[in-house]
Structure formats: structure tokens, C-alpha cells
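Here's the structure, in C-alpha cells; my notes come after.
Derivation of every value follows stated rules applied to the coordinates shown; laboratory data play no part. Being a predicted model, the structure only gives us computed values, none of them experimental. Because the Cβ atoms are built from the backbone with ideal geometry, glycine has one as well, and the counts that use them run over all protein chains shown.
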Amino acid sequence: MPAMAAHTVEAAMDAFPDPLLVVDACRQVRLANAGASRLFRTSHADLVGAPVDLFLPESSFDLGGPLSSGDEQLPHPRTLELSARRTGGQQFPVELSVLDVDVAGVADLAVERLAFISVRDISGRTRGSDAAVRLATIVQSSQDAIIGKSVDGTVTSWNPGAARLYGYSAEEAIGRSVREFLTPQQSNQEDEVLARVLSGERAEPYEAQRTRRNGVVIDVSISMSSILASDGQIIGFSTAARDISERKRAEARFSTLLEAAPDAVLGVRSNGHIALLNAAAERLFGYSRDELVGRQIENLVPDAARSRHHEYRQAYAADPVPRRMGIDRELAGRRRDGSTFPAEISLSSLLTEEGLLVLASVRDVTERQEAMAEQERLQVQAQTARLEHQLHQSQRLESLGQLAGGVAHDFNNLLSVILNYSLFVRESVTEAQGAHPEEPWETVAGDIAQIERAAHRAAELTSRLLTFGRRDVIAPRVLDLNEVLRAVEPILQRTLGERVRLVMELNPDTPPVLADPGQLEQVVVNLAVNARDAMEGEGVLTMSTRPAGDRSTLTVRDNGPGMEPGVRQRAFDPFFTTKPKGEGSGLGLATVYGIVQQAQGAIEIESAPGHGTSIVVLLPASDQPTAPVPTDPVAPPPEIQMARVLLVEDEPAVRELIMRLLKHEGFAIDAAENGADALERVARDPVDLLITDVVMPGMLGTEVAQRALLLRPELRVLFISGYAHPALAVRGTPDETFVLLEKPFTGPELLAKIREVLSAAVAPTGAAGRGAVPE
Ligand SMILES: Nc1ncnc2c1ncn2[C@@H]1O[C@H](COP(=O)(O)OP(=O)(O)OP(=O)(O)O)[C@@H](O)[C@H]1O
Ligand SMILES: [Mg+2]
């Protein structure tokens with residue numbers, strides 16, 4: 001090239017249609033033509049002297065190309081495609097032709113070498129319809145590393161993605177053999193793929209490792225395709241590589257997790273193909289991994305469910321949120337040998353590049369089901385044992401009740417005699433005292449008082465025994481439990497003492513119950529006294545009521561020491577007490593039990609040591625309106641001594657006692673030992689009042705009364721009994737008009753009852769106390 005001045009050169013350059021830059025070894029723009037100013041939208045002055053990288057930021061070319069000098073044949077310019085930048089920052093694709101020139105002879109340049117760069121804006125090309133150009137642009141802008149190479153492996157193109165991924169610039173890579181970037185192992189793999197592609201096989205994407213310029217090894221997924229000449233000959237290959245290191249790491253984490261999972265886990269594609277499984281799944285189903293991957297999941301489903309499995313799969317894919325499978329049906333898995341096992345399956349899903357992957361975690365629940373069956377069996381056994389125990393308990397209490405009732409009956413007769421004869425003795429003593437004041441009558445009177453006290457105490461016990469034995473005569477009414485409790489509250493508070501706080505929690509919705517008010521009070525008082533004793537006089541006692549289905553509950557709760565299981569089990573037994581001798585008779589809870597049973601209710605003890613005691617009484621609710629408790633009709637005591645009385649009593653001691661009592665009061669009294677004898681007398685002589693025992697051999701008192709009334713309809717009847725016999729009750733409830741005197745009774749009590757029965761004739765209702773005998 002002949003030597004010339006710079007400005008002359010520039011002038012010549014201006015004539016060039018293409019933008020031209022001349023750059024020195026320091027990458028500084030030395031010369032630029034008008035085309036360059038137009039292209040980069042900048043003034044000539046701003047262009048010249050500026051670093052070329054301002055306009056061609058991606059250009060990493062150096063001025064190391066072969067020199068063209070003098071008359072030598074011209075070297076080929078290098079061509080590069082990259083993106084250029086205008087002063088405003090706008091980027092656009094350009095194609096560069098770079099030629100290194102020796103300018104040692106150009107005096108005023110004072111440099112030896114320069115690069116002549118012709119810049120061609122190729123954005124127009126890209127916009128055009130030329131598919132190749134568009135492809136080139138795609139390649140340029142692709143995130144993937146796209147490399148072109150000849151059949152012998154020389155790199156022919158290297159996109160910015162490749163520069164980013166591998167760390168080598170296009171200039172560094174183009175012209176070199178790909179092997180230079182590969183380890184021997186990586187080369188071998190590459191050769192194998194190449195061989196397959198050359199033999200005409202379609203190359204599936206494969207995974208490989210590559211080493212970056214900085215030595216870091218990365219995982220890539222590579223797809224390779226061949227570049228064909230127009231004659232169909234393969235003239236090169238293009239590979240697109242994508243960094244999958246992150247994915248690989250995630251996969252590694254995932255598979256570590258998968259293998260660590262104690263349950264069998266299978267990954268299933270939406271078409272039912274098994275994509276992955278862990279070792280636990282291999283063990284559970286008896287297949288190896290290779291045998292299952294790619295096969296249908298149906299292979300692991302028992303025959304019965306197989307045909308519907310794809311439906312379930314679709315249903316899950318429509319809403320793939322984690323959930324338990326088969327909530328409403330039994331699930332099972334099928335092993336390789338055809339055997340099945342009950343399974344519990346949880347599902348979750350994973351969106352992968354290949355679509356939805358459903359992860360099924362399968363657990364063999366054979367053992368659990370067996371354990372559950374065993375547990376159920378044990379529960380049934382325990383329940384049976386409990387019921388048997390309950391039955392046994394109530395049978396025991398029932399027979400105790402019968403025994404107690406029988407004993408009480410006989411005791412009552414004896415006590416009537418003891419009490420009344422001691423009364424006679426007392427009267428005799430009083431008379432004798434007048435006659436012989438010098439004798440020690442005081443001592444005798446004291447002794448008699450002792451006998452009477454003991455007899456009264458015995459009568460009290462006998463009456464509690466009767467209650468326990470459910471032989472009491474009761475008069476149930478429809479009662480409001482809350483009212484009953486409110487009525488006894490003052491008495492209770494007095495009984496409990498000041499240091500026991502009585503809390504009433506009365507639920508107004510508690511339905512009324514059918515019960516005997518006096519007995520109900522007895523229940524409440526007994527339970528309260530027990531609680532007081534347990535709390536040793538200090539604590540909180542809560543009485544609460546509430547509805548419970550077709551029953552009403554009354555709960556008496558204390559914060560005392562509670563009961564040991566052994567005490568709880570025997571607490572209802574008559575005479576069972578933990579109190580010191582003389583302090584408790586052990587009949588409190590027994591009577592409560594009897595009362596509740598007679599009212600067709602139930603009673604439960606909830607108690608444990610250290611947790612206080614709750615006694616829960618359940619009584620059948622009544623749908624009848626509550627009735628006020630009637631007060632006894634007050635009638636003036638009439639002159640009744642003129643009445644003719646017939647007594648029927650099989651027990652001689654009692655018979656004689658009553659005869660003596662009534663004769664003493666001036667009655668005309670006759671006695672019979674049994675029903676037949678009595679009826680004969682009724683037929684023969686006029687009788688105003690029939691006093692009859694209920695339980696007698698031969699004919700019951702009720703029948704005697706019935707028959708006697710047929711003979712003398714105006715007859716009054718008074719029953720006397722040691723206990724309420726079923727014959728006296730209509731469905732357990734005694735007739736309202738029926739008058740009974742319970743044994744033991746004293747003379748005055750007998751007289752009061754007789755007065756009541758006889759005065760009924762003058763009572764306004766006329767019928768009350770008439771002594772009508774129930775059916
Ligand atoms: N609220 C309670 N807390 C702890 N133990 C109780 C309670 N109620 C009853 N018991 C236990 O049950 C036993 C039997 O009670 P029950 O009322 O039948 O007889 P008692 O209270 O011992 O004597 P009685 O009531 O005849 O005077 C008591 O001795 C006591 O051991
Ligand atoms: Mg008690």
C-alpha cells in the first residue's frame with residue numbers, strides 16, 4: 001500500500017458506501033468515514049479517538065491476524081457477526097469484515113499495524129424474509145450455546161450463548177478443534193454420538209459434562225444435528241447445549257430424598273407410565289427398577305381396580321393437589337407374584353419439562369390393619385367384660401335388695417312389737433311411780449328409753465334397707481328438678497356447714513321428671529352429706545342439672561379426695577362404708593341407688609383419687625306438666641271411737657299389739673288370722689273399718705279388701721305393711737286413694753291413720769282416704 005496522509009485516507013474512505021473504521025492496537029478508532037458516523041449516529045469528531053468497544057462492545061478481536069503487506073496476495077478478511085451499539089445505547093446486529101494492515105510506512109500515523117473494519121448493518125437482513133439470516137439472528141440471541149463444526153471437528157461458528165456458557169469468545173474458538181475444549185472422556189462420548197449421527201441415526205438429546213474456561217465442570221444437555229450440503233452430504237454438525245447443572249443438582253437432591261423416603265414412591269406420567277421409583281418401591285412390589293420404568297402403573301394395581309385406574313388418574317390430574325387417595329374405598333397394591341396387600345396412598349404432583357408427574361407414596365398397611373383388627377377385638381372383649389361386670393353388679397345389688405327387703409319386713413314386725421311394748425312398759429312405770437314412789441323407777445325409765453332409742457335407730461336402718469330394696473311405697477309426681485333443688489338449698493347449706501361452698505348450676509331447659517319428691521330430697525341430701533364428709537367439711541359442692549336426651553341429669557360434684565377404684569365399685573353396696581365404726585352405716589348410696597332404680601333412672605359414679613367425685617343421676621324426663629305437691633287435706637279429728645274395727649294380721653305379736661292399742665283407745669275391735677276368716681266375719685257382723693296386713697299366707701290383704709268391699713261397700717280400709725308389695729301398686733305406682741301405714745308404727749301413728757281413713761267420709765272429695773283397692 002503506498003504511503004499517504006491520514007486525511008487523504010479518510011477522504012478516500014468517505015467514498016466507500018460501507019461504514020469503515022480504522023482501529024489501532026490500543027483499540028482506539030483512528031479513522032472513520034462518513035458512513036460510520038451515520039451508522040453510529042455520532043459526529044466524526046466523537047468517533048475518532050474513542051475506544052472501539054464503545055460501538056462494538058462484543059468485539060473481542062485483537063490485531064493478531066496475518067498481515068497484508070505490500071505486494072503479497074491479499075489475505076482474507078475475517079468476518080464476524082455481532083451486535084453494535086449507537087451512542088444512545090440502541091443495539092443492532094452488524095457483520096464485520098476485519099483486515100489487518102501493516103501501516104509502518106504511513107508516516108503521520110506513527111503506528112505499525114491497523115485494523116480496517118468494514119461494518120455492515122444487518123438488521124435489515126434480519127428483518128427480511130431470508131430464513132438463513134433469521135436463523136442466524138436466532139442463533140445469535142439464543143440462550144443456548146450453539147456451535148457449528150465441520151466433520152473433522154473444527155469450530156466454524158460460536159454464538160454469544162456459547163461464549164457465555166464455556167467462557168471462550170468466538171474469536172478464540174472459531175478455527176480450533178472442539179477437542180481442545182473437551183477432556184478425553186468427553187471426546188469419546190462426543191465421538192460415539194457423532195458415529196451414531198453419521199450412521200444415519202436420529203440423535204436424541206443427550207447429557208454430557210463440559211469444562212468451562214475457568215475449570216468449572218458443568219452439566220449440559222446437548223442436541224446435535226447434521227448440516228447437509230445441497231447434495232445431501234454431511235458437511236458439518238451443529239450442537240445446541242444448555243446448562244442443566246441446576247436441574248441436575250435439583251434432581252440429585254430429589255433422588256436423595258426419594259431414596260431416603262421410607263415409603264414406596266412412584267412417579268407416574270399422565271399416560272400412566274412409571275417414570276421413576278425408589279428402592280422402597282422395588283422392595284414393596286418385588287420388581288426391579290428397570291422392569292418398571294416406562295411400564296404402565298396398572299401392573300401394580302390389583303385386577304379388580306385396574307380397569308378404573310385411568311379414571312382416577314384423570315380425576316387427579318384435573319386437580320393435582322396433595323391428598324390421600326381413595327378416601328371412600330379400600331386401596332390395594334399388587335406385587336410381582338400376583339399377591340395383593342392393603343395400601344394407603346398419598347398423592348402429590350410435580351410439574352416437569354415432560355409434563356405433570358404424579359408422585360404416589362404407597363404404604364403397606366397390612367400390619368396396621370391387623371393391629372387395628374386386634375385392637376377392635378380387644379375392645380369388644382373389654383366391652384363384653386364390662387357389660388358382664390355391670391350385669392353382675394346389678395344382679396348382685398338386686399339380690400342384696402331382695403334380701404334386705406325380706407329382712408326389713410320381718411324386722412318391722414319385730415320393731416313394732418318392741419317399740420309399742422316398751423311404750424306400754426313406760427306407761428306402767430309412770431302409773432307405778434305414782435303408787436310406789438320409793439322404788440327406783442328412774443332407772444327403769446332410763447333403761448326403757450335406751451330400748452326405745454335403739455328400736456328407733458333400728459327402724460331407721462330398716463327403712464333405708466327398704467328403700468334400697470325398692471320396697472318403699474312411693475308417690476311419684478311430675479317434678480321440676482330445679483325447683484326441688486332450690487327448695488332444699490337452705491337445708492343443704494345448713495347441713496354442709498359454712499366452709500363448704502354450695503354452687504347451683506341449674507339449667508332451665510332441664511325437662512321435668514317423674515319421681516317421689518321426698519325420695520328425691522333424700523337423694524340430694526345423701527349425696528351432699530357424702531361430699532361434705534369426703535371433703536372433711538371444706539370445699540366446693542356443685543349441684544347441676546341439665547337435659548340429656550330423653551332424660552334429665554342431676555350431677556353432684558365435689559372437689560374432695562375422690563374414690564379408689566375398689567371403693568367406687570362397692571360404694572352402692574348396703575353396709576359398705578370406709579368411715580370409722582359408728583360414723584357411717586354404709587346405707588347412704590344404697591338408698592340413693594334404690595330410689596333411682598325405682599324411678600327407672602340410672603346412677604353413675606365418676607371418681608378417681610385426687611380428682612374429686614361426681615355422682616350423676618339420670619332420671620327419665622316426663623312430658624307431663626309439673627304438678628304442685630298437694631298438702632294433706634286438713635279434716636277435723638272426728639269422734640271415731642265408736643267405729644267397729646276388724647283387724648286381719650297373720651303375725652300374732654303384731655295382732656295382739658294392735659288389739660291392745662285399739663282396745664285401750666276404746667275401739668270395738670275384732671281380729672282375724674287370715675283372709676278367709678276375716679271375710680266370714682265381715683259377712684256376719686257389721687264392720688266400719690278393715691285394717692289388714694298386705695302380705696299374708698293364703699290371701700293377700702288386697703284381695704281381702706276387695707272382697708270385703710263387695711260385701712260392705714261403705715267399708716273403710718287401712719293397709720298396714722312391712723313393705724310395699726307389688727300387689728299394692730299399679731305399674732309400680734300406688735293408687736292415690738289407697739291408704740297405707742308402714743310398719744313399724746307407734747300407737748299414736750296408728751290412731752292418726754285410722755282418723756284419716758274414717759274422716760274421709762266427711763272430707764269434701766268424699767273419695768280421698770276411702771281406701772279403695774286398686775285393680
Ligand atoms: N363424695 C364422695 N367422695 C369420696 N368418697 C365417697 C363419696 N361418697 C361416698 N363415698 C364413699 O362411699 C362409701 C359409701 O357411701 P355411703 O353413703 O353408702 O355410706 P357412708 O356415707 O359411708 O355411710 P352413711 O351414708 O350410711 O352414713 C363411703 O364410706 C365413702 O368411702
Ligand atoms: Mg353416706
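Roughly speaking, what is the centre-to-centre gap between segment 225-273 and segment 565-616 when only Cα atoms are used, to the nearest Å? What the calculation gives is 78 Å, centre to centre.
Using the Cα coordinates of segment 456-506, the gyration tensor eigenvalues translate into equivalent-ellipsoid semi-axes of 27, 19, 8 Å, sorted from longest to shortest. Over the Cα atoms of segment 316-455, the radius of gyration divided by the Kirkwood radius equals 1.72; this is the Rg/Rh ratio. Helices in the chain, meaning DSSP H runs of at least 4 residues, each add -39500 (n - 2.57). Divided by all residues, the mean residue ellipticity at 222 nm is -12000 deg cm²/dmol.
Between V540 and Q209, how high is the FRET efficiency from 1/(1 + (r/R0)^6) when r is the Cβ-Cβ distance and R₀ = 60 Å? Nearest 0.05.
Once rounded, the FRET efficiency stands at 0.15.
A simple spin-label model places pseudo-atoms 7 Å from Cα toward Cβ; at S97 and H389 they are separated by 10.7 nm. Full extension of the chain between E583 and H309 yields a length gain of 91.1 nm, computed as 0.36 nm times the residue separation minus the alpha carbon distance. Can you compute log10 of I(q)/I(0) for the chain with the Debye formula, treating each Cα as one identical point scatterer, at q = 0.05, 0.08, 0.10 Å⁻¹? With no solvent term, the Cα-only Debye profile gives -0.59, -0.88, -1.10. Counting only residues at least eight positions apart within a chain, or on another chain, the lysines with an alpha carbon under 30 Å from that of K753 are K663, K743.
For segment 441-578, the pair-distance distribution built from all alpha carbon pairs, in bins 10 Å wide starting at 0, is 10, 31, 35, 17, 6, 2, 0 percent.
As a footprinting exposure proxy, order S721, S43, S226 by other Cβ within 10 Å, with the fewest listed first. Intermediate results must be reported in sequence, preceding the final value.
Details: S721 21, S43 11, S226 16.
Fewest-to-most Cβ neighbours within 10 Å comes out as S43, S226, S721.
The modelled label-to-label distance for the pair Q379/A487, using points 7 Å beyond Cα in the direction of Cβ, is 4.5 nm.
As a calculated quantity, the FRET efficiency between D53 and R179 at R0 = 35 Å, using C-beta atoms, amounts to about 0.65. The alpha carbons of segment 539-619 occupy a box of 41, 28, 19 Å along the principal axes, longest dimension given first.
Taking neighbour counts of Cβ atoms within 10 Å as a proxy for exposure, in what order, fewest first, do M372, M224, M504 appear?
Details: M372 11, M224 20, M504 14.
Fewest-to-most Cβ neighbours within 10 Å comes out as M372, M504, M224.
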